[in-house]
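The values are calculated or read from the model by the stated rules, or taken from the named source; none is laboratory data. Since the structure is predicted, the reported quantities are computational estimates derived from the model, not experimental observations. We place every Cβ from the backbone using ideal geometry, glycine too, and count neighbours over all the protein chains shown. Just so you know, the surface numbers come from the protein's heavy atoms only, side chains and all, with ligands and any DNA or RNA stripped out. Shrake-Rupley method; radii C 1.70, N 1.55, O 1.52, S 1.80 Å.
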Amino acid sequence: MEETRDMTEKEMQTVRKATLYDLRLIFTSGEKKQYSTEELVELLDKIALAKEQE
């Protein structure tokens with residue numbers, strides 16, 4: 001049986017920071033300098049779906 005536990009606040013902050021850093025790397029490594037709202041939403045959806053696959 002798999003044991004689960006709640007994340008601590010510090011662990012949640014670490015995950016948030018890592019996620020923001022991942023987004024920063026994605027945006028700065030691309031050729032585009034400006035994104036529309038629709039492009040950002042599409043990119044975030046792709047990231048979320050990829051994370052679910054991990």
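Cβ-Cβ contacts under 8 Å between residues 6 or more apart (or on different chains), taken from a first residue in the stretch 16-39 that is hydroxyl-bearing (Ser, Thr, Tyr) to a second residue that is assigned to a helix (DSSP H, G or I), are listed as Tyr35/Phe27; Tyr35/Leu43.
Residues of the stretch 1-17 that are open to solvent by 100 Å² or more (accessible area, probe 1.4 Å) and more than 17 Å from the chain's Cα centre (by Cα): Met1, Glu2, Glu3, Thr4, Arg5, Asp6, Glu9, Lys10.
Each row is one residue, and each column tells you yes or no for (1) hydroxyl-bearing (Ser, Thr, Tyr); (2) in contact with a Gly (Cβ under 6 Å, 6 or more places away or on another chain); (3) surrounded by 10 or more Cβ atoms within 10 Å (Cβ to Cβ).
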residue	(1), (2), (3)
Thr19	yes, no, yes
Thr28	yes, no, no
Gln34	no, no, no
Glu54	no, no, no
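With the condition kept exactly as written, say whether any residue in the stretch 11-30 is assigned to a loop (DSSP other than H, G, I, E, B) and at pLDDT 85 or above. No; the residues of the stretch 11-30 include none that is assigned to a loop (DSSP other than H, G, I, E, B) and at pLDDT 85 or above.
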